[in-house]
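Laboratory data are not the source of any read-out in this text; all were calculated from the coordinates shown. Quick caveat, the model's predicted, so the values are computed rather than measured.
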Amino acid sequence: MTRIKLFSMAVLTLATLGTSLTGASAETLWQYNHPRRAEVNARLGYQNYRIDQGEASGRISPYRAERLHAEDRTIRYEERAMARFNGGYITPAEQRALNQQENVVSRQIGW
């Protein structure tokens, strides 16, 4: 084999090994479906539905709907960051903090 082929095979092997190592460090299904995370994410999903329904019915303006969706996205990013920091789950105190933020958005949605 030529040196170029050997080098290409080595690079390909290292690249494959690197992707399999990063896949192993991803969160497990249990961590993703942890009860506290699942509750927070289900609530965010329902709030997104309420925002969409409010916009469709005319109770919420398109601009206001976008702002509410942005607030929900911020809460979701914060939940993911907390879970990353804690090894795939959120603590009860973090869940309470996220629920308080969701309460604020919920009151802004109205109905």
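If you take the square roots of the eigenvalues of the alpha-carbon gyration tensor of the range 50-90 and sort them as a ≥ b ≥ c, do you get rounded (a/c under 1.5), prolate (a/b over b/c) or oblate? Verdict is prolate for the range 50-90. The length gained by stretching the chain between residue 61 and residue 74 to full extension, at 0.36 nm per residue less their Cα-Cα distance, is 2.7 nm.
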